[in-house]
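No lab work stands behind these numbers, since they all come straight from the coordinates. In this text the structure is predicted, and so the values were computed from the model without any measurement. Backbone-built Cβ (ideal geometry, glycine too); neighbour counts: all protein chains shown.
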Amino acid sequence: MIKVPHISTFQINNRYKSDNPANEAWDRIARFGSLNYLKKIFTSEKSEDIILKLLNYSSTRINQAIELRLSYSNQSLLTSPLLYYYTMLNLLRGMIPLTFEMEAEKGHGLKLFQFR
């Protein structure tokens, strides 16, 4: 399980100084797309194969989210909401295994199942 380092919230007197806070946040998220980074910070009592499967799945989904985010910024209002949805869906699918040691089921939307 990973305890994601929490910097601060935007709501309670904490300031997160940046010229472009959205890009800064996505740069921090992008670290979780690196398999080497995940191997360093992930701890679990599960077997090595399951851990590697979880980490590969997570890094792939997070990288997909990052690429989708880059593509929706260049799209019109007709298509960007759909790309934004898939960006968030992939980001969630990437973070769930790191937090709950579960993977989302294949299919449309989001369902969870336990690795065995």
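If I filter the stretch 71-88 down to residues being in a helix (DSSP H, G or I) and either of a type in the set (S, T, N, Q) or touching a residue at least 24 places away in the same chain (Cβ under 8 Å) (or both), which single residue comes out as nearest to GLY109 (Cα to Cα)?
Per the criteria, the residue is THR87.
Of the candidates ARG61, ARG28, the single residue that is surrounded by 19 or more Cβ atoms within 10 Å (Cβ to Cβ) and basic (Lys, Arg) is ARG61.
Across the stretch 47-56, not a single residue is classified as β-branched (Val, Ile, Thr), part of a helix (DSSP H, G or I), without any contact (Cβ under 8 Å) to a residue 40 or more places away in the chain and touching a Leu at 6+ places or on another chain (Cβ under 6 Å).
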